[in-house]
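Take a look at the structure below.
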């Protein structure tokens with residue numbers, strides 16, 4: 001269990017899956033590759049992370065790879081001093 | 001040797017009648033896009049040739065021959081007919097890039113019904129607007145998108161059939177809903193294709209304008225002539241090519257060149273439904289041995305951002321010809337593609353309304369990086385003086401891009417909106433709504449839109465639609481949506497918002513508004529930036545001056561503000 005990962009995971013489930021979309025999402029589920037989060041919606045996910053952790057993620061760091069799973073996002077957040 | 005050969009010579013001698021003869025069409029004969037992309041190719045002895053290789057993001061692969069495609073489109077058409085769908089009725093496709101979308105498109109056309117593809121990322125409001133306007137009778141969708149359809153179905157009395165293509169029985173279907181299993185259904189060997197003719201309506205693609213609701217650009221089966229010959233000459237499709245069009249069939253590129261053009265040429269296509277990531281895309285090209293790649297500047301700039309190291313990880317030597325569409329391809333991206341792939345992307349220009357490529361760079365023709373290229377053979381294009389609508393004779397002077405009608409794939413009307421359709425024509429020209437100049441060698445150079453429509457990642461988004469949706473948010477008193485520059489998407493949506501009393505600007509509210517629009521309309525329409533302002537600049541007559549806000553974003557001259565309310 002990880003509080004940080006769960007918070008991001010729940011946000012993704014609530015914001016980016018349709019009500020009838022019963023796909024299971026885990027920490028390592030591809031988000032961008034699977035189309036759950038597209039490149040435009042990624043911007044709103046970035047803003048969520050910035051607001052929640054009071055950080056600023058430069059565009060150069062906000063790549064599809066960095067956002068492709070909850071695990072990857074957590075790794076990215078570490079670069080900005082956000083830890084478990 | 002390219003199909004087009006010497007551009008200047010081909011342009012000089014080409015007639016649309018040549019293209020008709022080549023594809024075997026005689027004026028007055030029946031012509032049906034669905035049958036001509038499937039049955040006709042099988043009749044040429046290519047039934048066992050691969051038509052589609054589809055790969056899912058999880059590695060699932062499905063492969064279909066032209067005969068498989070003939071059978072599946074027959075099966076879809078027979079299913080629709082058995083459910084009472086009549087020629088001329090509108091049938092919507094609201095699905096991700098799965099085989100059912102591609103074959104559904106052709107299957108609907110075989111029945112004589114009008115196919116209405118819609119981008120599966122559209123929210124309920126965007127969907128409602130378009131289905132209500134078209135009076136759509138049936139919709140194909142997936143379980144994952146069903147909630148969006150159910151949310152609006154009570155407001156759509158004409159929608160009598162909701163077809164779920166991946167129902168697994170785990171949840172009960174509701175009234176009007178039915179399951180359809182394309183691969184699992186008994187395949188229909190013979191289907192009496194509706195005898196559509198040249199001017200029979202075929203495709204209804206919705207596009208956004210500055211004002212009002214999105215408009216349905218209605219095409220006809222005769223568009224096949226344009227789409228066939230432009231796919232052959234511009235994309236340079238040959239018999240043994242493996243072709244990849246990255247566009248979603250929710251948009252016109254995904255149908256004209258992701259379905260009709262290549263399959264009318266009997267060419268093998270491959271499709272992935274994986275989201276955009278450099279590794280995904282390069283890996284797909286390597287696995288499929290893609291030879292011809294038609295993509296978009298936004299994607300190319302996205303790949304540029306990932307750098308050359310990732311390119312070098314893959315064997316992309318199969319690539320033979322690269323083309324791009326959606327927005328101007330900047331010179332830097334053209335030159336980068338030469339470095340990355342050893343080939344330059346060939347920029348192409350066209351619109352939902354034109355139905356086919358009208359201005360382009362051609363194989364064998366020298367590319368001027370950053371230029372749109374030259375008119376397609378059979379197309380007369382010009383830039384017009386915006387006050388007289390006469391062609392501008394001075395080289396390099398900016399005017400309105402215009403095409404002289406007719407051409408086979410020209411849209412025939414806006415659905416139930418003939419007045420707006422007629423307004424697109426001036427002095428005998430179709431006015432594209434874009435500005436450009438022509439240089440001394442006849443190359444066109446794109447300048448920008450001539451209206452407030454936002455071109456984001458090659459998709460047109462109407463500011464009015466966004467502003468109308470924003471007003472439904474409880475905190476928003478008034479708003480203006482404009483395009484702001486973006487290094488990857490060319491433009492992204494920025495919203496200026498004046499809040500109602502009792503609301504204060506905050507980061508949380510900004511994100512709430514962004515998500516509100518994303519879900520209601522689409523991710524493309526979501527403002528990527530919200531600026532809270534005390535009030536919006538208006539003319540003395542009360543109209544919001546988007547032009548002024550946009551000019552500020554682009555660092556341009558603000559221009560005449562004499563009509564500004566509080567200048």
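FYI, it's all coordinate maths here, none of it is from the lab. Everything quoted here is computed from the prediction, not taken from an experiment. All Cβ positions, even for glycine, are placed from backbone atoms using ideal geometry, and neighbour counts span all protein chains on display.
Values for this structure:
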read-out	value
Overall dimensions of segment B:7-435 by Cα: Rg and Dmax, Å	21.1, 67
Rounded tilt (10° steps) of A:41-53 against the dominant C-alpha axis of chain A	50 degrees
Shape of segment B:454-554, Cα gyration tensor, a/c cut at 1.5	oblate
Most to least packed among B:171-178, B:198-205 [average Cβ atoms within 10 Å]	B:198-205, B:171-178
Peptide-level mean, for B:263-276, of C-beta atoms on other protein chains within 10 Å	2
Rounded Å value of the spacing that divides the Cα centres of segment B:443-479 and segment B:146-184	32 Å
Gyration tensor (alpha-carbon) shape descriptor, segment B:370-458, a/c threshold 1.5	prolate
Ordering of B:347-357, B:83-93, B:412-422, B:521-531 by burial proxy (mean other Cβ atoms within 10 Å per residue, highest first)	B:347-357, B:521-531, B:83-93, B:412-422
On Cα atoms only, tilt of A:3-16 relative to the major axis of chain A in degrees	50 degrees
Volume of the Cα convex hull of segment B:299-458, divided per residue and given in Å³	134 Å³
Test item: A:13-20 mean partner chain Cβ contacts at 10 Å	5
Inter-site label distance for residue B:447 and residue A:10 at 7 Å from Cα along Cβ, in nm	5.4 nm
Approximate spin-label separation residue B:423-residue B:61, in nm, with each point projected 7 Å along Cα-to-Cβ	5.1 nm
Shielding of A:28-41 by partner chains, average beta-carbon count, 10 Å	6
Global geometry of segment B:387-541, whether rounded, prolate or oblate, following the gyration tensor of its Cα atoms and the 1.5 cut on a/c	prolate
Cβ-Cβ FRET estimate between residue B:9 and residue B:314, R0 fixed at 35 Å, reported to 0.05	0.40
Relative contact order of segment B:454-554, pairs being alpha-carbon contacts under 8 Å that are 6 or more residues apart, as %	28 percent
Angstrom value of the Kirkwood radius, inverse mean 1/r, which spans all Cα pairs in segment B:279-394	15.5 Å
Sorted peptide list for B:228-241, B:496-509, criterion being average Cβ within 10 angstrom, highest first	B:228-241, B:496-509
Cα centroid separation - segment B:327-353 against segment B:1-76, whole Å	25 Å
Percent RCO, i.e. relative contact order, over chain B, from Cα pairs under 8 Å lying at least 6 residues apart	13 percent
